[in-house]
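Structure first, commentary second.
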Amino acid sequence: MADHDLIRTVLYTINNLLQQEKYKAALAVVKGFRNGAVYGAKIRAPHALVMTFLFRSGSLKDKLRAILKATYTHSRNLACFVFTYKGLQALQQKIQGKSLQSHSFLAACVGGWLVFGDNNNINSQINMYLLSRILFALSRLAVEKGFIPAPKKDPFPLFATLVWGIVLWLFEYYPHTLQPSLQSSMNYLYHDSNVWHDISDFLVYNKPRTAGSQK
């Protein structure tokens, strides 16, 4: 009974603390860290699972280790970035007494440099994912602000034409310039489909299952 009362007291104290307005900025930073960790794990785990079992060789133990490592790295980096970004945002607002657009930009620049500045596979994928999104967003913003005229026709077909034309040209003639995971995906789609030996590796498997039949 005493343990139950202690738990209720602790929960009441914590919940009361969470309602205090003076701690809101600091608590938002902590929850941002939590949300970054959870979201990073949710995003990376399924992606790492699929990509590892599709394209990575090695034992089951090695594959599981690679999945866990990728998930942990993504989760940790995103958590650290959110913590840094929200903390620096709150600090700048406290110093200047108001919130400015520059606060968001500067806080994110520092966080990006500290957390996502290391050139590894995970950071590379995240940064490239964001690059495609911000190019779209900046194009729309430029139209909204009147910096460029609104297109008379939907530009998406032209965009798709150029994207696929350029990426396949690079893959066929300069594959080393593309990210390894993209190279693996395109090899599977466009080069592995040129090779087979019998119906087993024509319809069932991508490559022969026995080492002796592989060339």
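The values are calculated or read from the model by the stated rules, or taken from the named source; none is laboratory data. None of these values were measured; they are calculated from a predicted model. With ideal geometry, Cβ positions are generated from the backbone for all residues, glycine too; neighbour counts draw on all protein chains shown. These accessible areas exclude ligands, DNA and RNA; they are computed on the full protein's heavy atoms, side chains included. Shrake-Rupley method; radii C 1.70, N 1.55, O 1.52, S 1.80 Å.
Based on the mean of other beta carbon atoms within 10 Å per residue, what is the order of 39-46, 85-92, most packed first?
85-92, 39-46
By the rule of a C-alpha distance below 22 Å, with chain neighbours fewer than 8 residues away ignored, the lysines paired with LYS22 are LYS31, LYS86, LYS94, LYS98. Each of PHE81, SER139, LEU168 was scored by the projection of its Cα onto the charge dipole of the chain, and the greatest displacement toward the positive side belongs to PHE81; charges sit on the C-beta of Lys, Arg, Asp and Glu. For the chain, taking the reciprocal of the average inverse distance between every pair of different Cα atoms yields a Kirkwood hydrodynamic radius of 22.1 Å. Between amide H atoms placed 1.01 Å from N, distances below 5 Å from TRP196 occur with no residue 5 or more places distant or on a separate chain.
Under a 1.4 angstrom probe, counting protein chains only, how are SER99, SER185 ranked by accessible area, largest first?
Working: SER99 85, SER185 35 Å².
From most exposed to least exposed: SER99, SER185.
Ligands, DNA and RNA left out, the accessible area of the range 157-214 computed with a 1.4 Å probe is 65% carbon and sulfur.
Could you give the length gained on full extension between TYR205 and CYS109, defined as 0.36 nm per residue of separation minus the Cα-Cα distance, in nm? Result for the pair: 30.0 nm of gain on full extension.
For the range 57-72, backbone phi angles converted through the Karplus equation (6.51, -1.76, 1.60; θ = phi - 60°) give residue-by-residue couplings of 8, x, 6, 4, 4, 5, 5, 5, 5, 5, 5, 5, 5, 5, 5, 4 Hz, Gly and Pro being listed as x. Between TYR129 and ALA66, the FRET efficiency estimated from the beta carbon spacing at R0 = 22 angstrom works out to 0.65.
Taking VAL204, VAL163, VAL29 as the candidate residues, the one with maximal mean-square fluctuation in a Gaussian network model of the chain, Cα springs under 10 Å, is VAL204.
For the range 24-30, putting each phi into the Karplus relation 6.51 cos²θ - 1.76 cosθ + 1.60 with θ = phi - 60° gives couplings of 4, 4, 5, 5, 5, 5, 5 Hz, in residue order, rounded to whole numbers and with x for Gly and Pro.
Applied to the range 184-196, the Karplus parametrisation 6.51 cos²θ - 1.76 cosθ + 1.60 on θ = phi - 60° returns per-residue 3J(HN,Hα) values of 4, 4, 6, 4, 4, 6, 10, 9, 5, 6, 8, 10, 7 Hz, with x for Gly and Pro.
Note: relative contact order over the chain, using C-alpha pairs below 8 Å and six or more positions apart, is 13 percent. Quickly work out the ASN119-to-HIS197 label distance, labels modelled 7 Å from Cα along the C-beta direction, and quote it in nm with one decimal. If labels sit at HIS197 and ASN119, their model points lie 3.9 nm apart.
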